[in-house]
Amino acid sequence: MAVAIDSIEGYGLPEVVREDYLASYVGERFADQMPHVRVYPTELPVLSGLLSGIQTPVRVIAGRKDIVVLVANAEYLHERLPNSRLDIIDVGHFVWEEGAEEYATAVTGWWQAN
């Protein structure tokens with residue numbers, strides 16, 4: 001996890017924030033999530049069939065340079081959620097950190113519109 005956090009671009013991550021990120025992975029927390037990740041391939045087709053029925057407004061925000069969760073995933077959701085808007089910000093995986101201003105603009109604009 002430290003490698004991923006250290007890859008955050010354009011933002012001098014304060015040590016207290018870095019330590020908070022790392023604390024969320026203490027012990028077996030990351031390993032405990034693996035069963036959920038492993039069922040994605042079987043569960044995603046089920047989810048895909050349900051997306052068109054979700055009428056709640058959804059703002060999908062993705063990092064163009066994200067190598068962990070590719071933009072194609074955000075586009076997939078946007079194409080299937082009938083009441084969604086897609087924002088792609090020219091940053092990596094930690095969009096809220098690396099593109100804080102653009103992220104904040106997208107989120108507050110969404111709140112104000114809904």
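Scanning region 39-68 for residues that are touching a His at 6+ places or on another chain (Cβ under 9 Å), surrounded by 13 or more Cβ atoms within 10 Å (Cβ to Cβ) and in a loop (DSSP other than H, G, I, E, B) yields Lys65, Asp66. Among the candidates Val60, Val69, Val46, which residue alone is of a type in the set (A, V, I, L, M) and under 20 Å from Gly109 (Cα atoms)? Result of the check over Val60, Val69, Val46: Val60. When region 35-71 is filtered for residues that are of a type in the set (Gly, Ala, Ser) and within 12 Å of the chain's Cα centre (by Cα), the ones remaining, listed by number, are Ala62, Gly63.
Scan region 85-95 and give yes if some residue there is touching a His at 6+ places or on another chain (Cβ under 8 Å) and among the aliphatic types (A, V, I, L, M), otherwise no. Among the residues of region 85-95, at least one is touching a His at 6+ places or on another chain (Cβ under 8 Å) and among the aliphatic types (A, V, I, L, M), which makes the answer yes. For region 76-93, taking the residues that are among the acidic types (Asp, Glu) and touching a residue at least 12 places away in the same chain (Cβ under 8 Å), the one that is surrounded by the most Cβ atoms within 10 Å (Cβ to Cβ) is identified as Asp87.
Would you point out which residue out of Val46, Val60, Val68, Val37 is in contact with a strand residue (DSSP E or B) (Cβ under 7 Å, 6 or more places away or on another chain) and among the β-branched types (Val, Ile, Thr)? That would be Val60, the only listed residue that is in contact with a strand residue (DSSP E or B) (Cβ under 7 Å, 6 or more places away or on another chain) and among the β-branched types (Val, Ile, Thr). Taking the criterion of being of a type in the set (A, V, I, L, M, F, W, C) and part of a helix (DSSP H, G or I), the residues of region 10-38 that qualify are Val16, Val17, Leu22, Ala23, Phe30, Ala31, Met34, Val37.
Readers should treat all values here as calculations from the given coordinates under stated rules, not as data from a laboratory. These numbers come from a predicted model, not from an experiment. As a convention, Cβ positions derive from the backbone with ideal geometry for all residues, glycine included, and neighbour counts pool all protein chains shown.
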